[in-house]
1. Which condition number in (1) open to solvent by 30 Å² or more (accessible area, probe 1.4 Å); (2) at pLDDT 95 or above; (3) farther than 18 Å from Leu209 by Cβ is the one that Gly318 fails?
2. Against the condition surrounded by fewer than 24 Cβ atoms within 10 Å (Cβ to Cβ) and either out of contact with any strand residue (DSSP E or B) (no Cβ under 6 Å at 6 or more places or on another chain) or over 14 Å from Leu517 (Cα atoms) (or both), how does Leu421 come out, does it pass?
3. With the requirement that a residue be hydroxyl-bearing (Ser, Thr, Tyr) and under 17 Å from Pro95 (Cβ atoms), what does the stretch 124-154 give you?
4. Could you pull out the residue among Leu492, Leu441, Leu484 that is within 28 Å of the chain's Cα centre (by Cα) and closer than 27 Å to Leu399 by Cα?
5. Report, by residue number, each residue of the stretch 277-314 that is surrounded by 18 or more Cβ atoms within 10 Å (Cβ to Cβ), modelled with pLDDT of 95 or more and of a type in the set (Gly, Ala, Ser).
6. When you check Ala340 against the structure, is it free of Cβ contacts under 8 Å to residues at least 12 places away in the same chain, farther than 17 Å from Met459 by Cα and open to solvent by 10 Å² or more (accessible area, probe 1.4 Å), yes or no?
7. If we only count helices (runs of 4 or more DSSP H) wholly inside the stretch 1-114, which ones have 1 or more residues that are farther than 24 Å from Ala406 by Cα?
8. Is it the case, given these coordinates, that Thr57 is under 19 Å from the mean Cα position of the chain (by Cα), open to solvent by less than 30 Å² (accessible area, probe 1.4 Å) and polar (S, T, N, Q)?
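The values are calculated or read from the model by the stated rules, or taken from the named source; none is laboratory data. This structure is a prediction, so every number in the text was calculated from the model and none was measured. Cβ coordinates were reconstructed from backbone atoms using ideal geometry, including for glycine residues, and neighbour counts include every protein chain displayed. Each accessible area value is taken on the protein alone, full model and side chains, heavy atoms only, with ligands, DNA and RNA left out. Shrake-Rupley method; radii C 1.70, N 1.55, O 1.52, S 1.80 Å.
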Amino acid sequence: MSEMITVGEAIARTLELYGVDTLYGVISIHNLPVADAIGQRGRLRFVPARGEAGAVTMADAHGRFSGLGVALTSTGAGAGNAVGALVEALNAGSPLLHITGQVEKAWLDADTGFIHETRDQLGYLRASSKRAYRISNPNQAVAILQRAIQDAQTPPCGPVSVEIPIDIQGKNIPAALVTAPVAPLAAPALPERAVERLWQRLSAARRPLLWVGGGALGCADAVRKLADAGVTVISSTHGRGILPDSHPRSLRAFHNSPSVEALIEQCDLTLVVGSRLRSNETRSWTLALPAPRVQVDIDPAAASRNYLMDETLIADAGAALNALAAKAQGRVWGDAAQDAQIQQAVAQAAQALREQCGPYAALNDAIERALPQDGILVRDITVSGSLWGSRLFRANGPLGNVHSLAGAIGMGLPMAVGSALANPQRKVAALVGDGGLSLNLGELATMAQEKANITLLIMNDGGYGVMRGIQDKYFGGRQYYNELHTPDFTALAQAMGLQAWTVASVDDFQPTLAEALAMPGPSVVEVRMGDIGPLRFAGPPQKTLY
């Protein structure tokens, strides 16, 4: 007779076959058969997050680096807690598998008051995920799991949720149903005539502009070759580092700086690759992008979504950029005078930002000096993150600056945990505000327990600094509901067994950050902004507030 195993063990074995080494979750009576199988086999690292939102956010960050993040949550309210994190992963296009429980199959959708039951769990998972599946037949568990992983890893990537009734998790099935991994679906072949037409447009331009986004994160080599040939490159904040800041043709992510806008106006073609041209990077789509405008995107629905395009090529970003880079031999566009213009525009934009940041520009510099060149900055949606963290802080390569694409606060710490565990040899600096940190404060214990190689930098201004700036600018300076009681974060970190420092002076930035970032493992630096001075920010650049 063939070997029989539980569905829970089949799930564990399948994840192992896909090369998964870490899983983030919160155990519950409605997912214990899966967790128990993982524990018995002992081949996957299970990271016990303190909340489902944190678990899924950690898995999201891990998947951005590894190619597949995995989270395990409970059903009902437990799965509901994960929705905001799923929305973030959907915005970021992260390859993520979310496994959640369900009540016993006999009581599904029966509204009987079964513990953890909720109305239409599959509905809200579908609304917040790329796809959502329910396993109703134990013999199909592996097949549906493989379909879910394939969906998650097929561009445009995204989170895929799978709910499994508790009784099905414990059913026995033949071990032979655990089969070899299924590859992501291949992108359509790029016709040579399409490449040639795109090349003709590009080569005919005198000063082409290449805008790269998260869809081009794997295209650093091709983008560099095009930049070497004279193409001016600007990126979304998610795409920062695809072309390193140090390259003479990089406009970095200074989309809304007057000096960079003036230079963009001189371009005579815009090639947008793998970017949604998000509202906060285009001033609610009022930033003038030179025509003709050509778009390359794997998603057919992206065509002319935010800007009217003269042509859209539905293709994998890598295939298109590699084909163009192969045709660009030597310097094709621009000259030394244009290079000087680019560098001057970037320098002016950086200087204006440094002046806006005031004393906190020195904090940016202190982290740059102390964080190794391959170090990762993970930033929450906070004033510091939106100012010097997003555009002033250096970018040496892709995924060196990780943040929330959906714009939600509170994800910085769990993102840092996932980034650190996915990159155990790299140091992570996590930049959070006191307001955002409070949403996932429990994950400080996860950071300590897992000994994650993170220095958590807490910018403590006693509330929601971004909201203060917006209320100042758009609501006549009337300030409501943005003051928060906060703990002594340094003492709290020390109570967790963490090394922690308090910074209350600009003079302490350099020595404290140097010491903290040199220390392996987790540590905390609390910056008392009330002692140092305000940092003013009135929200992302936009045409109007509404």
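1. For Gly318, the failing item is (1).
2. Details: surrounded by fewer than 24 Cβ atoms within 10 Å (Cβ to Cβ): no; either out of contact with any strand residue (DSSP E or B) (no Cβ under 6 Å at 6 or more places or on another chain) or over 14 Å from Leu517 (Cα atoms) (or both): yes.
No.
3. Taking the stretch 124-154 as the starting set, the residues that turn out to be hydroxyl-bearing (Ser, Thr, Tyr) are 124, 128-129, 133, 136, 154.
Ser128, Ser129, Tyr133, Thr154, listed by residue number.
4. Details: Leu492 fails: closer than 27 Å to Leu399 by Cα; Leu484 fails: closer than 27 Å to Leu399 by Cα.
From the options Leu492, Leu441, Leu484, the qualifying one is Leu441.
5. Within the stretch 277-314, no residue meets the criteria.
6. Details: free of Cβ contacts under 8 Å to residues at least 12 places away in the same chain: yes; farther than 17 Å from Met459 by Cα: yes; open to solvent by 10 Å² or more (accessible area, probe 1.4 Å): yes.
It is true that Ala340 is free of Cβ contacts under 8 Å to residues at least 12 places away in the same chain, farther than 17 Å from Met459 by Cα and open to solvent by 10 Å² or more (accessible area, probe 1.4 Å).
7. On the way: elements: 7-17, 32-41, 52-66, 77-81, 83-92.
In the stretch 1-114, the matching helices (runs of 4 or more DSSP H) lie at 7-17, 32-41.
8. Numbers: under 19 Å from the mean Cα position of the chain (by Cα): yes; open to solvent by less than 30 Å² (accessible area, probe 1.4 Å): yes; polar (S, T, N, Q): yes.
Judged against the criteria, Thr57 is a match.
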